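Presented below is the structure to which this report refers.
What follows draws every value from the coordinates through simple rules; no lab data is involved. Here the structure is a predicted model, which is why all the values come from computation and not from measurement. Counting neighbours? That spans all protein chains shown, and the Cβs are built from the backbone with ideal geometry, glycine included.
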Amino acid sequence: MSDELDTMRTSLLPSLLTVAVFNQNRSAIRADLFELSRVYLGGKADGLAEEPTRLTAIARVGGTAEAGREGFLRLKSVIDRLSADLATGPVEYRRTIAHLFHPGRSAMVRIGGSEVGVVGELHLATLQVFDLDGRVVAFDLDLDALLGGSGERKAGELPRFPVVERDLAIVVPEDLPATDVLATIRAAGGQLLESVTAFDEYRSSQLGEGVKSVALALTFRSPERNLTDSEVDSQMELIQIRLERDHEATLR
């Protein structure tokens, strides 16, 4: 079609970054872009290319670390919404090193134990090739793997009994993934724990070096009766004991 498009693409990211440059050169401060298309990878025994379908998106954000963090969370929320709409089950995010991405600011996306892609901030060297200013956050997902994890959506009865909500703020080692904390809480929470969500992360000189504070919202409910405060207090105590034992967590 043109001299610039004379080869099959192995990634959709360069195409999206080219469009981001087009917008930057016309004074567009922010650009949220996505593409859904096939890519072409070698390696099959018959000599033909693999042709997986990728869903790739980028968000051009400001130049500060906080802007990069907010952009990451924004694209992460898109993945979470896709997962919820497809009923794939919980999404797990694990630190990873991926081509074109910053090694300390990217995460592997796993659904049902299978890797479906990566989300994170693109490496500065990647942006320099395209003369892009600021920071760019992106996700790159294998659409076939994402759709393969989809399940059925079923309606259920509305809960008859109210929830009991508790917040928990803990101090843990800096390198401890929040997913490990959530997994421990779910295991210790028992059948009464309906949900747990990490909603804030905090660092300061008062906390000390090498640690961070994670704030969590826990929801308890019984399908059969109203819960008492003492029941929830006992379950919270078990959770705190497990967090201290498994992750050296302390209350904040």
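Results, tabulated for the structure shown:
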read-out: Cross-link reach list, aspartates and glutamates versus Lys76, counting only Cα pairs under 13 Å and skipping chain neighbours closer than eight places; value: Glu92, Glu121, Asp140
read-out: Using a Förster distance of 51 Å, the FRET efficiency for Leu251-Asp133 (Cβ separation, nearest 0.05); value: 0.75
read-out: Choice from Ala31, Ala178, Ala49 showing the highest fluctuation, given a GNM over the chain with Cα pairs closer than 10 Å; value: Ala49
read-out: Separation between Cα centres of segment 212-252 and segment 118-146, rounded to whole Å; value: 37 Å
read-out: Contour excess over end-to-end distance, with Cα ends at Arg81 and Leu147 and 0.36 nm allotted per residue; value: 22.4 nm
read-out: Rg(Cα)/(2.2 N^0.38 Å) for segment 71-139, N = residue count; value: 1.17
read-out: By average C-beta atoms within 10 angstrom, highest first, the peptides 81-92, 219-230; value: 81-92, 219-230
read-out: Positive-pole candidate from Ala87, Gly43, His247, dipole of the chain, charges at beta carbon; value: Ala87
read-out: Segment 80-148, relative contact order [Cα under 8 Å, separation at least 6], %; value: 25 percent
read-out: Expected-Rg normalisation [2.2 N^0.38 Å, Cα atoms] applied to segment 3-62; value: 1.38
read-out: Spin-label pair Ala217/Ser15, simplified geometry with 7 Å Cα→Cβ offset, distance in nm; value: 3.8 nm
read-out: Highest to lowest packing among 129-136, 10-17, scored as the average C-beta count within 10 Å; value: 10-17, 129-136
read-out: FRET efficiency for Arg26 and Leu192, using Cβ-Cβ distance with R0 set to 45 Å, rounded to 0.05; value: 0.20
read-out: Kirkwood-type radius of the chain, with distances r between different C-alpha atoms, in Å; value: 20.8 Å
